[in-house]
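Asker: Sharing a structure below in structure tokens format, with a few things to ask.
The values are calculated or read from the model by the stated rules, or taken from the named source; none is laboratory data. Bear in mind that the values here come from a model prediction, so they are computed numbers and not experimental data. Every residue, glycine among them, receives a Cβ derived from its backbone with ideal geometry; neighbour counts consider all protein chains shown. Ligands, DNA and RNA are excluded from the accessible area calculation, which covers all protein heavy atoms including side chains. Shrake-Rupley method; radii C 1.70, N 1.55, O 1.52, S 1.80 Å.
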Amino acid sequence: MLPLELLGAPEGSCLVHACLDVEQLTVHLAITAPTAACPVCGSDARRVRSRYTRRLEDLPCLGRRVRLRIAVRRFVCPRSDCPRRIFAERLPGFAAPRTRTTDRLRQTQTDIGSSLGGEAGSRLATRLAIPTSPDTLLRRVKQLKDKPAGPLRVVGIDDWAWRKGQCYGTIVVDLERSDVIDLLPDRDADTVAVWLKAHPGVEMVSRDRSAAYAQAATEGAPQAGQVADRWHLLKNLREAVEHVLERHSAAINAALKALEAPPGPDRDATAPQTDAAVPTAEPLPPEPPVEPVPESPRLQAKRAKRRQLAERFDRVHELHKRGYPAARIARELGLSRRSVFRYLQRETCPAWHLRGSQRSRLDGYREWIDARIAEGFINVAALHRQLTERGFKGSYGGVYAFVRKRLGAAGKKRERLNAATPPVPRPPSARQLSFEWVRRPEKRKPPEQARLDAIRGCSVELAETLDLADGFANLIRKQSTGTLSAWLTRGEVSPDPALRRFAEGIRSDEASVQAAVAQKWSNGPVEGHVNRLKTIKRQMYGRAGFVLLRARVLNAA
Ligand SMILES: [Zn+2]
């Protein structure tokens, strides 16, 4: 039958009987060791007082659920002074006292719970023939002890959002091993400082540029150096450049417009439009007869109502002329006296604007215009010119509105009315341009590089300011031989206020920025772990408490 080694049975046990059915394997075992050690005093006991069957769930076997039935003995402790007189024999390394699962099943449940959480983990466990409730899996995860951390020298700290914009926590990462060390429930300077004080071995703290973390690192780890995160430095620099570009936006937009306009025909708005795209071979339409347009039922009803009103108005005035008092007119016509007075105050029937009732002078040209639209020729200016040649007396605006309506009827987009003269695309915003600028030069696309070159050509001051910003970016990317202090000296007297403010901010945090320039540490791995944390958090639909989230982030495989 089953070899005991394959079963991994506890030490000193023997197989009594195994029972296999479709869904499960039940294995009966007995412990045969002659003695058992008292758990309190450690003396070997031989005197068996009673026996009972211990039931344990184990790892599955070939897709079947495995249940163990172990005959366990109760011994009497031989020492008379031992407080424990009777004890059950233990299964060390196999199952903890008083549990109903083996250690190895418990470990598997913990792994499933840390990786998948409660609900998903429970579904997987059922498929693996170790059915477990979601609560059990989460309990296993919460019971996990923190891994013993090795010597901690370089930590990266950053915040992560419980609820974005409202509530934040802090993540601490060992940058040497790229491993999450701890999760803190908030991002207050005090909390982080207390944590750092409890870890006096820390020699370097990498952090973003927030004042709270700077203060926490100074208070909690005065022995440690600080590194400002390079990504955040570049982000701050990009924001400064955005302000610079905003200040020069008029000149930049003009330069970019000139850059975007293709060479060749003059595209100035005031110049007459060329008819190059007009299909001249197309014969002009013959003078079209103005055919009546059938009215919609709604319009007919409106017109009838208006006729009724006009008749009533005339009748009121007629009776009034005959000398009828208002009260009698009201009675005769079934109106209120107020309406009668209102009618009598007016000399003519009030105009009633029938919306949509106007016929267009273009109705007769409708088919011809539809045909042009079907051909894709929707240059309104050219259409208007051709119609005018045929004696159409309406305005350009009228044609524009009519073509728009017909475009809508044809199910086409109404935006691109003048397809022959597509509008010059709007120049990118200062924000977009600042992102193009902050991209590494080797990663910029040719149009982006052309735009940046055009911007530099706008003015000497702008070119100098951007050069200065480039200098800082190169320092941070370690692509420059210059020094931070030399850059700061130049930056602080920059004619541009935004860049000057940026330089002043760097000066106030100079030591950590210098460390960012000189050292290899950065918060990149921390950002990666924050992303992992977000995935775990969302897997639990945002319902996890701090303890569970922390356990999963620290232990998920
Ligand atoms: Zn004892």
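Asker: Quick one: ARG501 ticks every box in (1) touching an Asp or Glu at 6+ places or on another chain (Cβ under 9 Å); (2) at pLDDT 90 or above except a single one, so which number is it?
Answerer: Answer for ARG501: the failing condition is (1).
Asker: Related question: Considering segment 459-477 alone, what residues qualify as being surrounded by 15 or more Cβ atoms within 10 Å (Cβ to Cβ) and under 20 Å from GLU442 (Cβ atoms)?
Answerer: If the condition is that a residue be surrounded by 15 or more Cβ atoms within 10 Å (Cβ to Cβ) and under 20 Å from GLU442 (Cβ atoms), then LEU466, ALA469, ASP470, GLY471, PHE472, ALA473, ASN474, LEU475, ILE476 are the ones that fit.
Asker: Moving on to the next point. Starting from segment 470-490, keep only residues that are farther than 13 Å from ILE506 by Cα, then list their pairs with residues that are in a loop (DSSP other than H, G, I, E, B) whose Cβ atoms are within a distance under 6 Å, requiring at least 6 positions of separation or different chains.
Answerer: Pairs found: ASN474/SER480.
Asker: Filtering segment 346-361 down to residues that are at pLDDT below 80 and within 21 Å of ARG322 (Cβ to Cβ), which residue is nearest to the chain's Cα centre (by Cα)?
Answerer: So the residue we want is CYS349.
Asker: Considering segment 59-99 alone, what residues qualify as being among the charged types (D, E, K, R) and away from the ligand (no atom under 16 Å from the Cβ)?
Answerer: Within segment 59-99, ARG64, ARG65, ARG67, ARG69, ARG98 qualify.
Asker: Of all residues in segment 445-466, which are over 19 Å from ALA240 (Cβ atoms) and in a loop (DSSP other than H, G, I, E, B)?
Answerer: Scanning segment 445-466 gives LYS445, GLY457.
Asker: Residue check: is ARG104 surrounded by fewer than 18 Cβ atoms within 10 Å (Cβ to Cβ), away from the ligand (no atom under 16 Å from the Cβ) and charged (D, E, K, R)?
Answerer: Spelling it out, ARG104 is indeed surrounded by fewer than 18 Cβ atoms within 10 Å (Cβ to Cβ), away from the ligand (no atom under 16 Å from the Cβ) and charged (D, E, K, R).
Asker: Could you say which residue among LEU259, LEU245, LEU196 is at pLDDT below 85, more than 30 Å from ARG385 (Cα to Cα) and not hydroxyl-bearing (Ser, Thr, Tyr)?
Answerer: When all the criteria are applied, what remains is LEU259.
Asker: Hey, among the residues in segment 478-526 that are of a type in the set (Lys, Arg) and within 28 Å of ILE181 (Cβ to Cβ), which one's surrounded by the fewest Cβ atoms within 10 Å (Cβ to Cβ)?
Answerer: LYS520
Asker: On to the next question. Here is a list of conditions, (1) farther than 26 Å from GLY42 by Cβ; (2) in contact with a strand residue (DSSP E or B) (Cβ under 9 Å, 6 or more places away or on another chain); (3) of a type outside the set (Ser, Thr, Tyr); (4) touching a residue at least 60 places away in the same chain (Cβ under 8 Å), and PHE94 meets all of them except one; can you say which number that is?
Answerer: With respect to (1) farther than 26 Å from GLY42 by Cβ; (2) in contact with a strand residue (DSSP E or B) (Cβ under 9 Å, 6 or more places away or on another chain); (3) of a type outside the set (Ser, Thr, Tyr); (4) touching a residue at least 60 places away in the same chain (Cβ under 8 Å), PHE94 is out only on (1).
Asker: Could you tell me which of the residues SER114, SER50 is more than 32 Å from the chain's Cα centre (by Cα) and more than 16 Å from the ligand (Cβ to nearest atom)?
Answerer: SER50
Asker: To continue, here is another question. Does at least one position in segment 24-36 carry a residue that is out of contact with any Leu (no Cβ under 9 Å at 6 or more places or on another chain), among the small types (Gly, Ala, Ser) and open to solvent by less than 20 Å² (accessible area, probe 1.4 Å)?
Answerer: yes
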